[in-house]
Structures are given as structure tokens and as C-alpha cells.
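The values are calculated or read from the model by the stated rules, or taken from the named source; none is laboratory data. A quick note: this is a predicted structure, and the numbers were derived from the prediction, not measured. Please note: Cβ atoms are built from the backbone with ideal geometry, for glycine as well, and neighbour counts cover all protein chains shown. Calculation scope for accessible area: heavy atoms of the full protein, side chains included, ligands and nucleic acids excluded. Shrake-Rupley method; radii C 1.70, N 1.55, O 1.52, S 1.80 Å.
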Amino acid sequence: MPRLEVNVDHVATLRQARLIDEPDPVTAAALAELAGADGIIVHLREDRRHIQDRDLKLLRQTVKTHLNLEMAATREMLEIARTVKPDVVTLVPEKRQELTTEGGLNVVGNQKMLRDYLKQLKEDGIRVSLFIDPTPQQINAAKEVGAMWVELHTGAYAEARDEVQAQKLFDELLDAARHARTLGLRVKCGHGLNYRNIKRFRGRQEFEEFSIGHAIMARAILVGLERAVREMIDLING
Ligand code: PXP
């Protein structure tokens, strides 16, 4: 059965809006796990706009499923990851001005650097996933640099202007997932997935895991976090 990883960044976004100590993403992570989440994700950004170092440390101690740290491939983040030792690191591109992660990582253009970077993470037993656009070139490069997982960027699919375009982009995701699997990569996907556009993924064995944040937190504000997580799990599992 496909798994759901819940991204709790936006609980921290709300907290940081007041620079106080609530709501706490650590509490949110525990509730998400109680509701059935299979993993917890946080993105520790260079500018610390939402998740803080303290959150990551506490989550490492409290998460019962698995902890996935999204981060840019910088020296600072490498040191943090090697100290905290999340179960999984997802490497993402990061730009200061963006509202959220905009595109996939350019693995093709950074193979040497990434191969060395991944080697160091793997020495500590950390599984590495690369967040990439669903193209054969990026997938092949992800395999070459030694990634275990690829997370296919679903942003374009999520923003499709109509059903025809959505189906076309979904088919591209399917082709990409199949290609990755033939190379022995494990495949997840995420970005912009919500309670409507997730339905197309139902029953598809190509995707092992979904990484979802904003839509779940947006619903949680209105119906509560546990219900929001359960409803997403029900949709994923049909
Ligand atoms: N996957 C990656 C790599 C991301 O950067 C994000 C956004 O932080 C997500 C998944 C989750 O996206 P969303 O918040 O749109 O569900």
C-alpha cells in the first residue's frame, strides 16, 4: 500500500508569524503519526523561515515512524544532517526568494558534487532521495550519483489548467516512475498534491510514497489534523 509522509513545515510557518512557541510542529508530527502518517517531513531552510534547528532535534527524538529532512545540498546542511541523522534526506534546490520549492534539483548538471555529497550522507546510514523533475535525464543522473529514491516533482501536474493537460502530465509522471523503477530506484512524488488531484494516483503501484504538506495543513485548520491526515490516507488507499 502506498505510504503518506506528512510535511509539518506550515505549522512552523504559523508559529513564526508571531515568533512565539505555538503551534508546535513537534506536536503536529505526533498527531499526524497517531492518525496514520507513515513518515514526517520537515524542510530546514537556509533562512529558517519556518522549521528551526530546535524542531529538527526534537523531532529526531520523538518521531516514531521515520523522519525525512528536506534540505539544500550545502555544507551547513550536510553537517546538520550528519549530526542529527534523519532516516532520510531529500535534497531539493533552494532559492531565497521563492515561496516554496519551485523546480526539481538539477542532478544532470551537478553530478560530481552530488556523488560526493551523497557518499558522505550514506556513510552515516542516511537514505537519500532526490527531488527531481520527471525526465529520463534527471532520473538517469539520480541513479548515477547513487540515490536510493527519487521524488518526482508533481508541481506541473498539480497546476494543470484542465483535465486534458492533467492527464497528459500524469502520464508523464507514470512513464518517469516506470523508468526509475527499471533502474532500481524507489519512487515517491510530491508538491502541490491535494484532496482532488491525488485521486488520479489511486491504485497505481508505480508510486510508493506521497509527500504532502500544504493541503493537509490547510484542511487541518478547518477540520483538525487527525481528520485531515486520515482523509488523505483514505484517498490514497482508495
Ligand atoms: N516535496 C518537496 C520536495 C517539497 O519541497 C515540498 C514542499 O515543501 C513538498 C513535497 C510538499 O509540497 P506541498 O506543501 O505542496 O504538499
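The table that follows gives values for the structure above.
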{"item": "Simple Cβ-charge dipole of segment 50-177, Lys/Arg +1 and Asp/Glu -1, about Cα centre, in debye nearest 20", "result": "660"}
{"item": "Tensor-based shape of segment 1-132 (alpha-carbon gyration tensor, a/c under 1.5 rounded, otherwise prolate or oblate)", "result": "prolate"}
{"item": "Cα gyration tensor shape for the chain, rounded if a/c is under 1.5, else prolate or oblate", "result": "oblate"}
{"item": "Solvent-accessible area per residue for the chain (1.4 angstrom probe, square angstrom)", "result": "48"}
{"item": "Within the accessible area of segment 1-95 (1.4 Å probe), percent carbon and sulfur", "result": "54"}
{"item": "Residue-averaged 222 nm ellipticity for the chain, from DSSP H runs of 4+ at -39500 (n - 2.57), nearest 500", "result": "-14000 deg cm²/dmol"}
{"item": "Paramagnetic label zone (point 7 Å from Cα along Cα-to-C-beta, ARG230; backbone N under 17 Å) in segment 33-69", "result": "33-38"}
{"item": "Residue-count net charge about ILE216 - beta-carbon cut-off 15 Å; Lys, Arg +1, Asp, Glu -1", "result": "-3"}
{"item": "For the chain, built as a Gaussian network whose Cα springs stay under 10 Å, the top-fluctuating residue of ILE51, ILE198, ILE132", "result": "ILE198"}
{"item": "Karplus 3J(HN,Hα) series, Hz, for segment 31-38 with 6.51 cos²θ - 1.76 cosθ + 1.60 (x for Gly, Pro)", "result": "5, 4, 5, 4, 7, x, 4, 8"}
{"item": "Segment 104-238, relative contact order in percent, only Cα pairs under 8 angstrom and at least six apart counted", "result": "19"}
{"item": "Surface share of carbon and sulfur [accessible, 1.4 angstrom probe, percent] for segment 132-238", "result": "49"}
{"item": "Highest to lowest packing among 54-64, 135-145, scored as the average C-beta count within 10 Å", "result": "135-145, 54-64"}
{"item": "Cα gyration tensor shape for segment 66-153, rounded if a/c is under 1.5, else prolate or oblate", "result": "oblate"}
{"item": "By average C-beta atoms within 10 angstrom, highest first, the peptides 11-22, 82-93, 38-49", "result": "82-93, 38-49, 11-22"}
